[in-house]
1. Mind checking whether some residue in region 151-164 is assigned to a helix (DSSP H, G or I) and either at pLDDT below 95 or closer than 20 Å to Gly242 by Cβ (or both)?
2. Please return the ranges of helices (runs of 4 or more DSSP H) entirely within region 1-110 where 3 or more residues are closer than 17 Å to Gly257 by Cβ and among the polar types (S, T, N, Q).
3. Of Gln362, Gln353, Gln384, which residue is over 24 Å from Phe220 (Cα atoms) and over 19 Å from the mean Cα position of the chain (by Cα)?
4. Of everything in region 171-196 that's under 15 Å from Asp230 (Cβ atoms) and hydrophobic (A, V, I, L, M, F, W, C), which residue is surrounded by the fewest Cβ atoms within 10 Å (Cβ to Cβ)?
5. Going by the structure shown, is Gln362 over 21 Å from Phe62 (Cβ atoms), among the polar types (S, T, N, Q) and not in a helix (DSSP H, G or I)?
6. Just to be sure, is His302 surrounded by 22 or more Cβ atoms within 10 Å (Cβ to Cβ) and in contact (Cβ under 8 Å) with a residue 24 or more places away in the chain?
7. Looking only at region 336-355, decide whether some residue is of a type in the set (S, T, N, Q), within 30 Å of Arg396 (Cβ to Cβ) and part of a helix (DSSP H, G or I).
8. Given (1) in a loop (DSSP other than H, G, I, E, B); (2) free of Cβ contacts under 8 Å to residues at least 40 places away in the same chain; (3) among the aliphatic types (A, V, I, L, M), identify the lone condition not met by Ala172.
Amino acid sequence: MSPPSTTADDLRCRVQAFMAEHVYPNEASYAEALRGAHNGQAPALLQELKARARALGLWNLFLPGHHGAGLSNAEYAPLAELMGRVSWASEVFNCSAPDTGNMEILSLYGTEAQKARWLKPLMAGEIRSAFSMTEPAVASSDATNIQCQIRREGDHCVINGRKWYTSGAMNAACRLLIVMGKTDPDNADQHRQQSMVLVPIDTPGVKIVRNMAAFGYEDFPGGHPEVVYDNVRVPADHLLLGEGRGFEIAQGRLGPGRIHHCMRLIGCAQRALELMCQRATSRSAFGKALGEHGSVREDIAHAFCEIEQARLLTMMAAEKMDREGNKAARDLIAAAKIVVPSMAARVIDRAIQVHGAAGVSQDTFLAEAYVYARFIRIGDGPDQVHLSALGKQLLRQHGTREAA
């Protein structure tokens, strides 16, 4: 692996120090502020920490080039891992999903007018956004199944459809929905049927039906709501890249989004391992410390090995993205997306077991972290889709007699 630049190493140290000084000590306060607050308002504590992080230059660290800190994917990985140790920490640095993916979409594919209206305030942390793709009535793991209609009427697009798990749309600061739907359902090329359109959330016809829980977690303030688009009318210049480019944009968005989830989940798993070790040395059962029991030691050793393997795979994917581009790295991105969430769920599960009843309570971060890891085995494409795609790609690459 290439050594990090001086800038990247400095930022990693500063993020680590910020987490130690401002984030970890406020975990309980943040949870208390959210308890019972279902109005979509982010806690004042979060806004204070965001202002502090931005003033220190710890802001938009994920975006390459002049838009962000100029880090490569490989350089950003250790920073994302640190943020992933606390579920809400990435937002402190304006590096949280779904805004990260949406900002990447706008920076790559948006017009200058679209960037001025949406990218600029998103980068400033003044607004939030949501990505509206998954639908309750179809298997959305196959994006060609999407049924939401985007119909062209003169200089406008009219949108009709039902989405759910539109993460972030409950947030009171959410101003933009990026909606994927079909503009040309009869196109013989299934991957040219879809388009993406920018929809201000206050557009008439946008209806938030209900928030969807994930394993009972409602994930406020952003939530994961079900959204109905009932004859929603927006100007045609709100289309991204033009009609028929939605699938192309989705692939460009989801690659970096998937690897970012992997980076954060490695942070979750690493913290779980550390807590497991602390618990194993501080608690005794049957006359000796938990860590003196062979089964506990084995769980700790397995967790260490699995985290290191997953971290290496994720870094390999990040470096290939930097070196050859996201499309060329799709094999390693898929492999990381297959491996890392399952790894994190296993490691966190072992940590819960060592903690006993405390592991499933609100007194540690473990239960929430486990839900996150398990959810990401579905989010941004389920395991089976990535396994199938990766297998197909490998067969094409190595399956011929000539290749052998």
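1. Looking through region 151-164, none of the residues is assigned to a helix (DSSP H, G or I) and either at pLDDT below 95 or closer than 20 Å to Gly242 by Cβ (or both).
2. On the way: elements: 6-18, 27-34, 44-55, 73-83, 89-92, 99-109.
Output list reads 99-109.
3. Exactly one residue qualifies, and that residue is Gln353.
4. Restricting to residues being under 15 Å from Asp230 (Cβ atoms) and hydrophobic (A, V, I, L, M, F, W, C), the top hit is Leu177.
5. Working: over 21 Å from Phe62 (Cβ atoms): yes; among the polar types (S, T, N, Q): yes; not in a helix (DSSP H, G or I): yes.
Here the answer is yes, as Gln362 does meet what is asked.
6. No.
7. First pass over region 336-355, keeping only residues of a type in the set (S, T, N, Q): 342, 353.
Still in the running and within 30 Å of Arg396 (Cβ to Cβ): 342.
Among the residues that remain, those that are also part of a helix (DSSP H, G or I) are: 342.
Yes.
8. Unmet condition: (2).
The values are calculated or read from the model by the stated rules, or taken from the named source; none is laboratory data. Not measured: the values here are computed from a predicted model. Cβ: placed from backbone, ideal geometry, glycine included. Neighbour counts: every protein chain shown.
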